[in-house]
Amino acid sequence: MPPITVIFVVSGLAVWLNGLAFLGIGAKPAEDGPNPLTTVGWVTLLAGVVDLLQAAVIIATAPPATGVPLAGIVTFYGTFFTTLGVTLVRGLDLRPVGNLAVAVAVVPLLWWKFFAGSWMLHSILVVWLVAFLAVAATTYGKLPGKVLGGILTVTSLYTFLTPAALLALGKSIP
């Protein structure tokens with residue numbers, strides 16, 4: 001499986017856990033118990049680090065014409081997940097993560113031409129635009145957390161885990 005499959009899997013699982021947390025599923029600490037959001041943060045941080053490492057692998061192994069742009073977009077998400085993970089683990093203010101989410105929502109649209117010929121990858125860019133803008137809106141109290149949770153769980157399944165499954169089955173992303 002190509003490095004992008006690893007990126008899809010770890011990112012998808014991190015987004016899934018964040019989505020469930022915003023939906024309130026398993027997100028409330030037990031009385032005098034650990035905070036489940038810390039666990040979500042560690043998984044998210046791990047996903048970010050894996051994404052950044054995989055971006056380095058892509059740069060080192062893929063031809064520059066594809067490797068550099070692909071590693072570039074992976075770096076956007078790796079940086080976001082690393083930042084979100086640290087924020088959740090440390091219990092920090094999420095508003096700067098919301099600010100970062102705006103750039104991560106909009107700038108990857110510049111990769112539209114890079115993904116020419118793939119309706120699914122184009123639709124993924126649009127879903128990510130919505131998801132990351134929803135993150136920003138939620139961190140500033142403009143969108144309810146449960147709505148973001150729903151968006152994130154769908155985003156996880158469609159934009160990360162479905163492409164990973166396709167690649168794992170030896171199929172290409174349409």
ask   = Restricted to the range 112-152, and to residues that are among the aromatic types (Phe, Trp, Tyr) and either in contact with a Leu (Cβ under 8 Å, 6 or more places away or on another chain) or open to solvent by 40 Å² or more (accessible area, probe 1.4 Å) (or both), which residue is nearest to Arg95 (Cα to Cα)?
value = Tyr140
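Across the range 60-83, what is the total count of residues that are among the aliphatic types (A, V, I, L, M) and within 18 Å of Ser11 (Cβ to Cβ)?
Matching residues across the range 60-83 total 4.
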message = Please count how many residues of the range 8-26 are among the β-branched types (Val, Ile, Thr), more than 17 Å from Thr87 (Cα to Cα) and surrounded by 17 or more Cβ atoms within 10 Å (Cβ to Cβ).
response = 2
request  = Considering each residue of the range 63-87, count those that are open to solvent by less than 30 Å² (accessible area, probe 1.4 Å) and not hydroxyl-bearing (Ser, Thr, Tyr), and give that number.
outcome  = 10
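Give the range 90-102 a look and list any residue that's among the aliphatic types (A, V, I, L, M), touching a residue at least 24 places away in the same chain (Cβ under 8 Å) and open to solvent by 40 Å² or more (accessible area, probe 1.4 Å), or say none.
Listed by number, the residues that qualify are Leu94, Val102.
Just to verify a result, which residue in the range 27-57, among those that are in a loop (DSSP other than H, G, I, E, B) and open to solvent by less than 60 Å² (accessible area, probe 1.4 Å), is farthest from Leu161 (Cα to Cα)? Outline the logic, then answer.
First, the residues of the range 27-57 that are in a loop (DSSP other than H, G, I, E, B): 27-35.
From the residues that got through so far, the ones that are open to solvent by less than 60 Å² (accessible area, probe 1.4 Å) too are 27, 33.
Working: Ala27: 22, Gly33: 31 Å.
Within the range 27-57, the match that is farthest from Leu161 (Cα to Cα) is Gly33.
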key: Criterion (closer than 21 Å to Leu148 by Cβ, under 16 Å from the mean Cα position of the chain (by Cα) and not hydroxyl-bearing (Ser, Thr, Tyr)) met by exactly one of Val9, Val50, Val74, Val40   = Val40
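Residues checked against (1) closer than 22 Å to Val147 by Cβ; (2) among the hydrophobic types (A, V, I, L, M, F, W, C):
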{"residue": "Phe81", "(1), (2)": "yes, yes"}
{"residue": "Leu84", "(1), (2)": "yes, yes"}
{"residue": "Pro96", "(1), (2)": "yes, no"}
{"residue": "Ala105", "(1), (2)": "yes, yes"}
{"residue": "Phe114", "(1), (2)": "no, yes"}
{"residue": "Trp119", "(1), (2)": "no, yes"}
{"residue": "Ser123", "(1), (2)": "yes, no"}
{"residue": "Leu133", "(1), (2)": "yes, yes"}
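The values are calculated or read from the model by the stated rules, or taken from the named source; none is laboratory data. What you are looking at is a predicted structure, and each value in this text was computed from that prediction instead of being measured. All Cβ positions, even for glycine, are placed from backbone atoms using ideal geometry, and neighbour counts span all protein chains on display. Accessible surface areas use protein heavy atoms only, side chains included; no ligands, DNA or RNA. Shrake-Rupley method; radii C 1.70, N 1.55, O 1.52, S 1.80 Å.
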